[in-house]
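*Asks:* Have a look at this one before I ask anything.
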Amino acid sequence: MTYTPAETRYERMTYNRCGKSGLKLPAISLGLWHNFGNDTPHQTKQAICRRAFDLGITHFDLANNYGPPAGSAEEAFGEILKTDFRGYRDELIISSKAGYNMWPGPYGEWGSRKYLIASCDQSLKRMGLDYVDIFYSHRFDPETPLEETCGALDHIVRSGRAQYVGISSYNSKRTREAYEILKGLGTPLLIHQPSYSMINRWIEEDGLIDTLEDLGIGSIVFSPLAQGMLTSKYLNGIPEGARAAQDKSLDPGFLNERNLENIRGLNRIAEKRGQTLAQMALAWVLRGKRITTALIGASKPSQVEDCVKAIETPDFTAEELAEIDVFAKDADINIWAASAERKGPPRKKK
Ligand code: NAP
């Protein structure tokens, strides 16, 4: 069935300025890490993207390795661009990344110029695009000079493959270094993509959140729902088909009694606030306007609808924040494992 975007699509969403740049991003963005591979029917992917755009989500986040198999999410999105979003390219912010393992041999991962530029070209081809809006270094490469990685990002912009550049999961110190190098090259660092949620606060502990504010870099936080744990979906067991049942990135071991007790406590606070736990989790990362956008994933359109309503109740009382801390800080989650992708494949010994 042909799709025409809702005329009301810009009426309810909030758009936040990305750092000190000219670009605004929706408060809620959609990521295609899960549920956009060949294991999900195309109609479902199409329905999720259509609903998102109808609700004012203009930003779709991809990476070379999203699938399974790796690359298939970009292919699926390329199809959606052709069929559903044809004619709307200038209303969309599309991002991709390179950093994780994509092809065999020494040039298929990490942060060399060779890998980043080749991977960007592959992503553009898969999506059928001339350019992406944002291209990211997906992870810091301890063995490649940062000047080389940043030089490749600069080249990707200058050659017209991307409009802006970002980095993902770099710590505060490396972020400052990348910012300075890119500034010197004349391609500002637009955005940082770290993980962040009520139960994963490493960007506060590391000082990254202060660094971003200080340098005027925007922020898009991934897994703000802790891959679904900060929603009501696991309160009464693991539903069939849920991410924790898929043996992928969400370890069902996290859903132990202690964590479930804490999630139930958080759910009670959300109920008192008159919202769902997912909505409270998103409002929490966006509180105080320090974060530009919360990057969600979804397996069905109704989840996108639920999440977008988070922007209707943005404020927290000091008591609510303190009560949230009691439960959230008691949750026993290994934050590195909470996002398997962040950890990446083990580096082979030479
Ligand atoms: P998330 O929003 O924390 O988790 C999404 C999952 O939560 C959904 O798949 C769904 O689980 C569940 N969910 C979402 N809304 C719900 C609702 N309203 N009610 C109940 N359940 C709900 O985010 P994520 O998928 O882990 O990550 C989001 C995006 O961040 C990715 O797609 C990717 O673009 C990006 N990311 C980047 C990196 C990086 O290294 N840069 C790493 C990870 C992710 P079910 O599927 O079980 O229904």
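The values are calculated or read from the model by the stated rules, or taken from the named source; none is laboratory data. Owing to the predicted nature of the structure, the values given are computational and were not obtained by experimental measurement. Note that we place each Cβ from the backbone using ideal geometry, even for glycine, and neighbour counts take in every protein chain shown. Ligands, DNA and RNA are excluded from the accessible area calculation, which covers all protein heavy atoms including side chains. Shrake-Rupley method; radii C 1.70, N 1.55, O 1.52, S 1.80 Å.
*Asks:* Assigned to a helix (DSSP H, G or I), open to solvent by 20 Å² or more (accessible area, probe 1.4 Å) and more than 8 Å from the ligand (Cβ to nearest atom), is that true of G265? Walk me through it before giving the result.
*Replies:* Working: assigned to a helix (DSSP H, G or I): yes; open to solvent by 20 Å² or more (accessible area, probe 1.4 Å): no; more than 8 Å from the ligand (Cβ to nearest atom): yes.
The answer is no for G265.
*Asks:* Does T293 fit the bill of being touching a residue at least 12 places away in the same chain (Cβ under 8 Å) and over 18 Å from the mean Cα position of the chain (by Cα)?
*Replies:* Working: touching a residue at least 12 places away in the same chain (Cβ under 8 Å): yes; over 18 Å from the mean Cα position of the chain (by Cα): no.
It is false that T293 is touching a residue at least 12 places away in the same chain (Cβ under 8 Å) and over 18 Å from the mean Cα position of the chain (by Cα).
*Asks:* Okay, moving on. Can you spot a residue in the stretch 219-239 that is at pLDDT 95 or above, more than 10 Å from the ligand (Cβ to nearest atom) and surrounded by 15 or more Cβ atoms within 10 Å (Cβ to Cβ)?
*Replies:* yes
*Asks:* Restricting attention to the stretch 1-29, and to residues there that are touching a strand residue (DSSP E or B) at 6+ places or on another chain (Cβ under 8 Å) and over 18 Å from F60 (Cα atoms), which single residue is surrounded by the fewest Cβ atoms within 10 Å (Cβ to Cβ)?
*Replies:* Only one residue tops the list, namely S21.
*Asks:* Among L208, L189, L260, which is the only one that is surrounded by fewer than 20 Cβ atoms within 10 Å (Cβ to Cβ), away from the ligand (no atom under 13 Å from the Cβ) and of a type in the set (A, V, I, L, M)? Write out each step before concluding.
*Replies:* Details: L208 fails: surrounded by fewer than 20 Cβ atoms within 10 Å (Cβ to Cβ); L189 fails: surrounded by fewer than 20 Cβ atoms within 10 Å (Cβ to Cβ).
Just one listed residue meets the conditions, L260.
*Asks:* Among (1) under 23 Å from the mean Cα position of the chain (by Cα); (2) modelled with pLDDT of 95 or more, where does A245 come up short?
*Replies:* Going through the list (1) under 23 Å from the mean Cα position of the chain (by Cα); (2) modelled with pLDDT of 95 or more, A245 breaks only (2).
*Asks:* Condition (residue is at positive phi, outside any helix (DSSP H, G or I), more than 8 Å from the ligand (Cβ to nearest atom) and open to solvent by 30 Å² or more (accessible area, probe 1.4 Å)) applied to the stretch 273-281: is it met by at least one residue? Outline the logic, then answer.
*Replies:* Step one: of the stretch 273-281, the residues at positive phi are 274.
Subset that is outside any helix (DSSP H, G or I): 274.
Among the residues that remain, those that are also more than 8 Å from the ligand (Cβ to nearest atom) are: 274.
With open to solvent by 30 Å² or more (accessible area, probe 1.4 Å) added as a condition, the list becomes 274.
Yes, the stretch 273-281 contains at least one residue that is at positive phi, outside any helix (DSSP H, G or I), more than 8 Å from the ligand (Cβ to nearest atom) and open to solvent by 30 Å² or more (accessible area, probe 1.4 Å).
*Asks:* To continue, here is another question. I want to confirm something. Restricting to the stretch 282-298 and keeping residues that are part of a helix (DSSP H, G or I) and basic (K, R), which single residue is farthest from A226 (Cα to Cα)?
*Replies:* Start the filter on the stretch 282-298 by keeping residues that are part of a helix (DSSP H, G or I), which leaves 282-289.
Those left that are additionally basic (K, R): 287, 289.
Working: R287: 17, K289: 20 Å.
Per the criteria, the residue is K289.
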